[in-house]
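Read the figures in this text as sums done on the coordinates, not as results from a lab. All figures in this text were calculated on a predicted structure; none of them were measured in a lab. For neighbour counting, all protein chains shown are included, and Cβ atoms are generated from backbone atoms with ideal geometry for every residue, glycine included.
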Amino acid sequence: MRHLYDMIIIGGGPGGYTAALYAARAGLDTLVLEKLSAGGQMALTMQIDNYPGFDETIDGFTLGERMQREAERFGAKTEIAEVDGAHLQGPIKTVHTSEGIFEAKTVVLAMGAGPRKLGLKDEVKYEGHGLHYCAACDGMFYKGKTVVVVGGGNSAAADALLLSRICEKVIVVHRRDSLRATKVYHEPLMQAENIEFQWNQIISDVIGKNGRVEGIRLKDVKNGTEKEIACDGVFVSVGRKPASRMIESQVTLDDQGYIIADESTRTNLPGVFAVGDIRTKALRQIVTAAADGANAAYYAEEYMNRWEG
């Protein structure tokens, strides 16, 4: 039989499960669709020290599970399913998944953003075999070894500092002649004795043997000269890409692919909300995603009071 939910949330990260918590507490029939496990990208983080309420560090997987249990305590449901399409126009929204079709009066888009790739020829080949996108997840595999960090923003700076405490040597490759990271990172990076910088360089190729990374080829962006550097692993930190392709023809996006939504989280479509890393915002953090979830539930409840199916 057809079941019409009050709210379907696509994505079980901190924004998604906070929306589920607030919606369920407000009496809304709520379903979370998550393709892997609670927490989303947060689940890959080994150490979280900037989410309020924890006097000791907590890992992202544990925090995600706690968020899920809290939402489900108030009646929210979770379905492990991969979403492959959605029709968001009209009073009844339809979401197509690997586990069937679900319908709701409102939809919260909480699909997050994934790591941006370098676009190298052999990038996929070496992914997980010396080429990584999460230093917190995979850094310990390179204890006492030499690694490369690609990027110059806050994420790259944080990754380089984390890896400097694990690895023998960290080489930061950046296409400019100075970091884009905020000033708070500059002094500890420059003072770290095992961090080396390769300025005005891009990676043109990954060098490997027997399916494992053994080095990289660098190209100077100013004069085009190339050189090779030996390393045991490469960590790419050049930004994130919003997972908005599935709904890009229905909701309004900015030029980077993020869903345009203000602090109310409302999109251009009535009854459709965007929370967390997938929406336009100044700061993408766990705490701001959670705030988005609370706002989405509030405005969804307001929308529901006027809903006419």
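Descriptive notes on the structure:
- Straight-distance candidates among the aspartates and glutamates for linking to residue 222, with alpha-carbon spacing under 17 Å and chain neighbours fewer than 8 residues away dropped: 177.
- Over all other residues within a Cβ to Cβ distance under 9 Å of residue 208, the charged ones net out to +1, with Lys and Arg as +1 and Asp and Glu as -1.
- ³J(HN,Hα), Karplus 6.51/-1.76/1.60, whole Hz, each residue of segment 287-299, x for Gly, Pro: 5, 6, 5, 4, 4, 4, x, 5, 4, 4, 5, 4, 6
- Share antiparallel - DSSP beta bridges, segment 1-147, percent rounded to 5: 40 percent
- Gaussian network model of the chain, Cα within-10 Å springs - most flexible of 275, 108, 172: 172
- About its Cα centre, the chain has a charge dipole of approximately 560 debye under the convention of +1 per Lys or Arg Cβ and -1 per Asp or Glu Cβ, with nothing else charged.
- Candidates 256, 191, 89: whichever shows maximal mean-square fluctuation once the chain is modelled as a Gaussian network with Cα springs under 10 Å: 191
- Dividing the summed helix terms, -39500 (n - 2.57) for each DSSP H run of n ≥ 4, by the number of residues in the chain produces a 222 nm estimate of -7000 deg cm²/dmol to the nearest 500.
- Cα gyration tensor shape for segment 117-236, rounded if a/c is under 1.5, else prolate or oblate: oblate
- GluC sites (Glu not before Pro) lying in DSSP loop within segment 1-109, provided at most 13 other Cβ fall within 10 Å: 56, 82, 99
- The trypsin sites (Lys or Arg not before Pro) found in segment 88-134 that occupy coil by DSSP, while having at most 11 further C-beta atoms within 10 Å, are 121.
- Available extension along the chain between residue 56 and residue 223 is 55.2 nm, counting 0.36 nm per residue and deducting the alpha carbon span.
- Partnerless Cys - the chain, beta-carbon criterion under 4.7 Å: 167, 231
- Candidate lysines - alpha carbon under 19 Å from residue 117, same-chain residues fewer than 8 apart omitted: 125, 219, 241
- Label zone at residue 306 (point 7 Å along Cα-to-Cβ), backbone N below 12 Å, segment 254-286: 270-271
- By the rule of a C-alpha distance below 15 Å, with chain neighbours fewer than 8 residues away ignored, the aspartates and glutamates paired with residue 93 are 6, 29, 84, 103, 308.
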